[in-house]
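Working notes, structure below.
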Amino acid sequence: MHKLFVHTCGISRGNPGAAAVGLLLLDEQGHVVEEVGELIGRATPEVAEYKALIAGARKAADYSPDEAVFLTDSHVLVNQVNGVSQPREPHLQYLNQLALELLGQLPKWRLNYLESDANSAARRLAEQAFREKNRSERERARLARELSERLSLLSLDELRKVESFIRSLRAKSA
């Protein structure tokens, strides 16, 4: 692949708060190569932006492009990675160094600022990770309620069988 465009977005719901990254990888013709939206735990907005860039650099390396163009809507990230300014906090210095090391493994790269509206697809992917988590949590709570109701109707022997079955499930997954 000659050129790969990597849109990155890191978001945090709080400072710090639950955080997610979104990545949209496009080829030279603008075709979607890969989309990623994943939760990254608790982070500040700045850490989330760095982690999005780091994840994007790792993904880009998987495709071995001749050139990778990273696009983000974070002025701060662009300025720090491009050496215009330096991060003050040690944890951001570490993330900056890690990002530069990963980017340095690519034959040619650049990081450019992009208006938020133009980077909305990457943001949408990060937001989608939050929605999927909420959907999973609601589904799990619903199933737990239903199981609780059904378990209350079982006899002691039936409950022992259910307990034995659950143990066997856990043993298989361990």
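Please name whichever of LEU102, LEU26, VAL76 sits farthest to the positive end of the charge dipole of segment 3-134, dipole taken about the Cα centre and charges placed at Cβ: Lys and Arg +1, Asp and Glu -1. Farthest towards the positive end: VAL76. Each principal axis of the Cα atoms in the chain has its own extent, and those three values, largest first, are 69, 36, 31 angstrom. Under a 5 Å amide H cut-off, with hydrogens placed 1.01 Å from N, CYS9 pairs with GLY22 among residues at least 5 apart or on other chains.
Scanning residues 5 or more positions from GLU34 or on other chains, those with amide H under 5 Å from its amide H are LEU25, with H placed 1.01 Å from N in the peptide plane. Between LEU154 and ARG42, the C-beta separation translates, for a Förster distance of 35 Å, into a calculated FRET efficiency of about 0.35.
GNM on the chain, C-alpha springs below 10 Å: top fluctuator among SER64, SER85, SER155? Highest fluctuation among the options: SER155. Looking at the chain, the DSSP beta bridges with both ends there are about 65 percent antiparallel. For ILE166, neighbours were defined as the other residues whose beta-carbon sits under 12 Å from its Cβ, and their charges (Lys and Arg +1, Asp and Glu -1) total +4.
Modelled spin-label separation between GLN97 and ARG167, with each label point placed 7 Å from Cα along the Cα-to-Cβ direction: 5.0 nm.
Can you count the Lys pairs in the chain with C-alpha separation below 16 Å, eight or more apart or on different chains? Present the calculation step by step, with values, prior to reporting the outcome.
Working: LYS3/LYS59; LYS3/LYS108; LYS51/LYS59; LYS59/LYS108.
For the chain, qualifying lysine pairs total 4.
Since every read-out is calculated from the coordinates, none of them should be taken as a lab result. The shown structure was predicted, so the numbers you read here are calculated from the model rather than taken from an experiment. Backbone-built Cβ (ideal geometry, glycine too); neighbour counts: all protein chains shown.
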